[in-house]
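One structure below.
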Amino acid sequence: MRRHVVVIGAGAAGTMVAHRLRRRLDPAGWAVTVIDRDDQHAYRPGFPLVALGTWPPSAVVRSRHAFLPDGVDLVLAEARQVDADASVVLLADGRRIAYDHLVIATGAAPRPDLVPGMTGPHWHRSVFDVHSLDGATALRDALPALRQGRLLVHLAELPVPAPFTALELTLLADAWLRRRGLRDGVELVHASPLPEPSAGAGGLLGRHGVAVEAGFRVERIDGDHQALVGQDGRELSFDLLVTVPPHRGAGLVTRSGLGDELGYLPVDRHTLQSTAFPTVYGVGDATDLPTQRTTRAAWLTARVVGRTLPDHATGRAPSASLDRRSRGLPLGPSDDGLTAALDRLTGTRSRAAARWLYWHVALQGRPLPLPVHAAAVPTGLRRHAPA
C-alpha cells in the first residue's frame, strides 16, 4: 500500500515542494496530493503592474494544473481543518483525506479588518490594497481620476509577504504620474513603521520627490476625514490610500490548533518540521520563520522540506537544514542593493522576464538565476542556502 504526502496550498511554496517531493519519492510507494480551493494560481509580484494598468489581470493568473508535475493529484476543495492526532485533513465538503506526512503551504492572508475603519465604505473606493487581485484591479479603475491631491502609500506592519511592495509601488506610481504630466499636482507620500528608511531607500525616494513618514504605526482610518491616524497622534490625509495591510496565518492553521498567536506554524529552524507534530512540515509564508517573506524564501524552504521529509520518511538522517544564521535576516526593506535594483527594474521587459522565470523555473523548484526578482532575494538566505 502506498504511503501518502498531502500538501495544503498550491501557491508558490506548495507547488515548489510538490515538484521536489515527486522527484525524490518513489511513485510506486508514495502518492502526493495537493489541496487548494480553486484552480487560479496568481503571480502576486505582478499585482502592482495590474494596479497601474500595465498588465491586464489575465497576465498574472494561470491554472494550477499547468504547474504541478505529473503524478501529483490536485484536489480542488477547501481544507477546513487538520486533525493532526489522527493524521487526517477535513475538507469543507465533508471528505476526509488521510496522510502519512503533511506539508502546510497555506501562506499568509491579508487582514485589513485588523485596522479599524480600513474595510469600511471606502474600501476599494479610496482605500486599496495590492496584495489581492481585487484590490489591484479596483485601484487600476480609480487611479485615472486622481488629477491632483495626495496619494498615500502605506506599509502597516512587518512581517508581510513581499515586504518591498510598498516601496516598489511608490516608485511605480511616481513614474505613472510623470508619464501623464500629473506629478506636479499630486503629492506622493510613503508611510512606513520602520524608524527611518535605509540610506539607499531614503535617497531613492528623495530623488523622486516622495515625502516620507517614518516610524508611522497605524491606529485606525478616519473615513469621515479621509485620514490615516497613527498611534503617536499623527494624521495623514489622503485622496487615495494604497496600503499593505497586516497579514496573518491562514485560518486553517488556527482552527487546527497548529499555529502561534498570529496563525503561523511553529517549525524547527533546521528541518522545518512542526515543533508539535513531527509528520507535519511548513514552507513559505505559512511558517513562523523570522525571515523576509519572498519568492526566494519560499523556494528555499521548499528545497529544505523536499529533502528532509523524504529523509525522515525513509529513516535517513536529514540531508538538508535551514542554517541557523538565516534567523537573523532583516524583516523589512533595509538593503541598499535592493533599492538600486528596484530603481532599475521598472521596465516592462524586465518584469516580463521575471514573470517568465517564476512560471517556468521557480515553481518547478529549479535552481534560480540570481536575482529572480530583485525585490525578492534575501541575501542572507542566498548565502546560507543548503547544497
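The values are calculated or read from the model by the stated rules, or taken from the named source; none is laboratory data. What you see is a predicted model; the values in this text were computed from it and never measured. Here the Cβ positions follow ideal geometry from the backbone for every residue, glycine too, while neighbour counts run over all protein chains shown. The accessibility values were calculated without ligands, DNA or RNA, using every heavy atom of the protein model including side chains. Shrake-Rupley method; radii C 1.70, N 1.55, O 1.52, S 1.80 Å.
What the table below lists for this structure:
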| quantity | calculated |
| --- | --- |
| Tally of residues being in contact with a strand residue (DSSP E or B) (Cβ under 8 Å, 6 or more places away or on another chain) and not in a helix (DSSP H, G or I) across region 45-59 | 0 |
| Scope region 69-88; condition in contact with a strand residue (DSSP E or B) (Cβ under 6 Å, 6 or more places away or on another chain) and within 30 Å of His360 (Cβ to Cβ); matching residues | Val72, Asp73, Leu74, Val75, Ala77, Ala79 |
| Criterion violated by Thr243 - all others in (1) polar (S, T, N, Q); (2) in contact with a Pro (Cβ under 8 Å, 6 or more places away or on another chain); (3) within 18 Å of Asp83 (Cβ to Cβ) satisfied | (3) |
| Residues (acidic (Asp, Glu) and either open to solvent by 50 Å² or more (accessible area, probe 1.4 Å) or in contact with a Cys (Cβ under 9 Å, 6 or more places away or on another chain) (or both)) located in region 22-63 | Asp26, Asp38 |
| Every residue from region 62-89 that is in a strand (DSSP E or B), over 11 Å from Ile8 (Cα atoms) and without any contact (Cβ under 8 Å) to a residue 60 or more places away in the chain | Ser63, Val72, Asp73, Val88 |
| Single match in Ala66, Ala109, Ala92 (criterion: modelled with pLDDT under 95, within 15 Å of Leu252 (Cβ to Cβ) and open to solvent by 20 Å² or more (accessible area, probe 1.4 Å)) | Ala109 |
| Residue that is farthest from the chain's Cα centre (by Cα), among those in region 186-223 that are of a type in the set (D, E, K, R) and surrounded by fewer than 14 Cβ atoms within 10 Å (Cβ to Cβ) | Arg207 |
| Residue that is in contact with a strand residue (DSSP E or B) (Cβ under 6 Å, 6 or more places away or on another chain), open to solvent by less than 10 Å² (accessible area, probe 1.4 Å) and at pLDDT 90 or above, where the choices are Pro310, Pro245 | Pro245 |
| Condition broken by Val229, with the remaining ones in (1) in a helix (DSSP H, G or I); (2) under 21 Å from His122 (Cβ atoms); (3) among the aliphatic types (A, V, I, L, M) satisfied | (1) |
| Condition broken by Ala276, with the remaining ones in (1) open to solvent by 10 Å² or more (accessible area, probe 1.4 Å); (2) at pLDDT 95 or above; (3) touching a strand residue (DSSP E or B) at 6+ places or on another chain (Cβ under 6 Å) satisfied | (3) |
| Residue check for Arg183: of a type in the set (D, E, K, R), touching a Pro at 6+ places or on another chain (Cβ under 6 Å) and surrounded by 15 or more Cβ atoms within 10 Å (Cβ to Cβ) | no |
| Members of region 91-122 that are outside any loop (DSSP other than H, G, I, E, B), over 19 Å from Ala276 (Cα atoms) and over 21 Å from the mean Cα position of the chain (by Cα) | Leu91, Arg96, Ile97 |
| Answer from Ser321, Ser334 - the residue that is of a type in the set (Ser, Thr, Tyr) and modelled with pLDDT of 50 or more | Ser321 |
